[in-house]
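Where a number appears in this text, it was derived from the coordinates with a stated rule and is not lab data. Predicted, not measured: the structure shown is a model, and the values here were computed from it. Cβ atoms come from the backbone with ideal geometry, glycine included; neighbour counts cover every protein chain shown.
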Amino acid sequence: MIRPLGRADRGPIRDLVAATGVFTEEEVTIAVELIDAALDVPGQTDYIIRVAEEGGKVAGYYCVGPTPATEGTFDLYWVAVDPALHGKGIGRALDDDACDLVRRMSGRLIIAETSSLPRYRRTREFYVRRGYSQLATISDYYRPGDDLVVYGKYLT
């Protein structure tokens, strides 16, 4: 089941993001900041967060939002699945839900950014399996030796 974010999801999502072992502590903090923005700013539409449940517990989530100053482009800011539940189709269901949501909002393109580091290999493979194309690489973006890899999925 995929549903809108609720206040009780904040802690479990934070724990899930940290448990992936992929994100730095700074990145975990940023994920929580976006959750707080979604929860604490009524009517904001910059960060739309949806949660996957499995057995009544948070199994994964995504955060997507329209890219400022574009027409129909959305950023997929976060997608994460509980490591204990990898391979059960939760990531696929989250991506399907995100694509459907973006289409309903007249979106035509989803952009996802990630790192070139080896620990992000599964993330990059996930995007390719889900029909995203690698659009760009910016060398040494995050820090020396850590490139930004940009993926895009056209929905029209």
Difference of contour (0.36 nm per residue) and Cα-Cα distance, R129 to R3: 43.0 nm
Charged-residue dipole, Cβ positions (Lys, Arg, Asp, Glu), the chain about Cα centre, Debye nearest 20: 600 debye
Inter-label distance, nm, simple model (7 Å from Cα along the C-beta direction), L117/R92: 2.9 nm
Anisotropy class of region 2-110 from Cα gyration tensor, a/c 1.5 cut: prolate
Gyration tensor verdict on region 1-54 (Cα atoms; rounded if a/c is under 1.5, prolate if a/b is larger than b/c, oblate otherwise): oblate
Value at 222 nm in deg cm²/dmol, rounded to 500, when DSSP H runs of n ≥ 4 in the chain each add -39,500 (n - 2.57): -10000 deg cm²/dmol
